[in-house]
Amino acid sequence: MRESIPPEARRKLVEVARGDAPADLLLENARLVNVRSGEIHDADIAIYEGRIAGFGAYQAAQTIDLHGAHVCPGLIDAHVHIESSMVSVPEFARAVVPRGTTAVVTDPHEIANVLGVPGIRYMLDSSEGLPLRVFAMASSCVPATHMETAGAKIEAADLAPLFEHPRVIGLAEVMNFPGVFLGVPEVLAKIAAAGDRPVDGHSPGLSGLPLNAYLAAGVGSDHECTRLEEAREKLRRGMHIFIREGTAARNLEELLPLVTPGNAANCSFCTDDRHPEDLLDEGHVDALVRMGIAEGLDPITAIQMATINTANYFGLRGLGMLAPGYRADMIVVDKLEVFQARMVFSEGRVVAEHGEYKGARPTPPAPPGSGVQVKWEAVDLAVTASGAAKARVIHAIPGQIVTGQSVEPMKVENGRAVADPDRDLLKIAVIERHQATGNVGVGFARGFGLKRGAIASTVAHDNHNIVVVGASDAEMMAAARAVSETGGGQAVVADGRVLAAVPLPIAGLMSDLPLEEVRDRVEAMGKAARELGGTLPDPLMTMTFLALAVIPELKITDRGLVDVNKFKPVPLFVP
Ligand code: FE
Ligand code: FE
Ligand code: FE
């Protein structure tokens, strides 16, 4: 896709391409992974002013002999919430660029739920000048549902000014899929506001006529497929399928059999939410390419799913392939099967080599506002038992963002339903933290295994109130207070003492610390939780999705329990 560049720059590029002026750089003896023609061929690649001038015998100011190493386009993440890396945008870039990622399409809806449109602009501003191109989709569902309190509300009218930003390229995942297929005017107005820009979907399990209606509304992609048949149906109805391999949701293995030579062009890779330890240990989009190849996917197809397919879907001009006129965002890979980026170029400059970041590392600007406003005097976690004290219980499932549910008799003390750690029935609360409303939703959760203590987090998708799970009200309050005292964060508490914590002062979502330190602190929290009896591999992370009322089955917000299948609030106790 042609990109508009100033006429003088274009004239010079043409002159270099013609061979009448020297290039800046020539990569000699490359094996070009040509994602356009679907082949690998020899090429000498000339670069001028950040763009590919051409393939051939060029004069250049600098020459690098690649001795037959592969050159691929820089990788693109089709859908990511950068906030889930728990670090600032420059720090995220430092983590993913050495892995070969040169562009991401992000939905800043986590920070948008805390700080609104200024939060979105903050993410765009923090990504200025990085060797990582950060494109944003304008967040469509802030708050995610009408059954929760977020820090801001983004209406259709707020979207138009966002679309004026050169790096805001479409409408982000429309998670309110019932709102779409039921034709709720406000939801359809947001899709209309996107004009002819791409509109990302989010429709876990949606099928049949409601799926048709969702697509007829103008939605183009989906990243929530968890079953092969679901993905097949969505592809048949016209969706571009983002195959996701994140930290909490891992779908690649299940979905890969979907991809055939006939449909691969309509499939892409995305990470959605990837946590520090996975970014450091597994990698980013490169990890998906590696997994795909290991699962038997043709390497060129795997690379196409991480480059040109995504660029085509989003209409990213000048990106996603290497050809004359395109941006020289490239990676050098010695062995395709191993797929480790040895060198990473952004606009023809080496920005990482042997995993070491050489790019710009500006300090992020200060966030536009702080994160935690709680009316503590109104916060009471006690639950008066009603009827036969049979309550709905949320089941946390290891490695999943969906939950199970059951109805169980509660332990009652002095007329109050209390946590019963012996039966693995812990209390869960969501404390509103944006507007100091004093709202608290209280319920019960199974699957955490804590015998004592509590864990709390100001990351709580997507409203990011304070979510806390614990063995007693007092421990829960101590944990909730601990994370608010650091301007947001996560903590594991026992006997009123913080055992491990990570402060997240950027909107209560992101740390200003280096990724490695955040990873170490997250590990320490997991260890502390296990010492309290915790049985989940990553209890903090699982907990952060229990407030996400757009993912089935039973969830909790600051206004109480939500039956996501019915998309309705439900009472804690059943008669
Ligand atoms: Fe989603
Ligand atoms: Fe998402
Ligand atoms: Fe989220």
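The values are calculated or read from the model by the stated rules, or taken from the named source; none is laboratory data. Just so you know, these numbers come straight off a predicted model, no measurement behind them. Virtual Cβ from ideal backbone geometry, glycine too; neighbours counted across all protein chains shown. Surface accessibility is based on the protein's heavy atoms, side chains included, excluding ligands, DNA and RNA. Shrake-Rupley method; radii C 1.70, N 1.55, O 1.52, S 1.80 Å.
Ranked by the mean number of other Cβ atoms within 10 Å of their residues, highest first, the peptides 166-178, 467-479, 556-568, 37-49 fall in the order 467-479, 166-178, 556-568, 37-49. Whole angstrom only: what separates the Cα centroid of segment 498-517 from the Cα centroid of segment 92-153? Between the Cα centres of segment 498-517 and segment 92-153 lies a distance of 18 Å.
Here the chain is treated with +1 on each Lys and Arg Cβ and -1 on each Asp and Glu Cβ, and its dipole about the Cα centre works out to around 860 debye.
Placing one equal scatterer on every Cα of segment 489-534 and applying the Debye formula, the log10 ratio I(q)/I(0) at q = 0.14, 0.21, 0.24, 0.25 Å⁻¹ is -0.33, -0.68, -0.82, -0.87. Which values of log₁₀ I(q)/I(0), to two decimal places, follow from the Debye formula for segment 1-72 at q = 0.12, 0.13, 0.20 Å⁻¹ with a uniform point scatterer at every Cα? Debye intensities relative to I(0), on a log10 scale: -0.32, -0.38, -0.83. Label-to-label distance for GLU49 and SER386 is 6.9 nm, based on points extended 7 Å past Cα in the beta-carbon direction. Ranked by the mean number of other Cβ atoms within 10 Å of their residues, highest first, the peptides 269-276, 23-30 come out as 269-276, 23-30. The peptide list 301-313, 337-349, 59-71, put in order of mean Cβ contacts within 10 Å with the highest first, becomes 301-313, 337-349, 59-71.
Other residues lying with their Cβ under 14 Å from the Cβ of ARG392 contribute a combined charge of +3, Lys and Arg counting +1, Asp and Glu -1. On a per residue basis, the chain carries 35 Å² of accessible surface, using protein heavy atoms and a 1.4 Å probe. Cross-link partners of LYS153 among lysines, defined as those whose alpha carbon lies under 22 angstrom from its own and excluding same-chain residues fewer than eight positions apart: LYS190, LYS375, LYS555, LYS568. For segment 131-143, 3J(HN,Hα) computed residue by residue from phi via the Karplus equation (6.51, -1.76, 1.60; θ = phi - 60°) reads x, 10, 7, 10, 9, 10, 9, 6, 4, 9, 10, 10, x Hz, glycine and proline entered as x. Put ARG327, ARG10 in order of accessible area, highest first, and with a 1.4 Å probe you get ARG10, ARG327. For segment 1-83, the relative contact order is 31 percent, taking Cα pairs closer than 8 Å that sit 6 or more residues apart in sequence and dividing their mean separation by the residue count. Put the Cα centre of segment 176-247 next to the Cα centre of segment 306-338 and the gap is 26 Å. Rg ratio for segment 254-366: its Cα radius of gyration over 2.2 N^0.38 Å, N being its residue count, equals 1.13. Positive end of the dipole of the chain, charges at C-beta (+1 Lys, Arg; -1 Asp, Glu), about the Cα centre: which of ALA445, GLY74, VAL502 has its Cα farthest in that direction? Result: ALA445. For the chain, carbon and sulfur atoms together expose 50% of the accessible surface, with a 1.4 angstrom probe and every protein chain in place.
What share of the DSSP beta bridges in the chain is antiparallel, in percent to the nearest 5? The answer is about 70 percent antiparallel. Working from Cα pairs under 8 Å separated by at least six residues, relative contact order for the chain is 15 percent. Here the Kirkwood formula puts the hydrodynamic radius of segment 415-564 at 14.9 Å, using every distinct Cα pair. Excluding MET525 itself, calculate the net charge of residues whose Cβ lies under 12 Å from the Cβ of MET525, where each Lys or Arg counts +1 and each Asp or Glu counts -1. The answer is -1. Ordering ILE154, THR101, PRO368 by Cα displacement along the dipole of the chain toward the positive end leaves ILE154 in first place; charges were set at the Cβ atoms of Lys, Arg (+1) and Asp, Glu (-1).
Hull volume per residue, based on the alpha-carbon atoms of the chain and their convex hull, is 136 Å³. Please report how far the C-alpha centroid of segment 359-374 lies from that of segment 534-575, rounded to the nearest whole angstrom. A separation of 29 Å, based on Cα centres.
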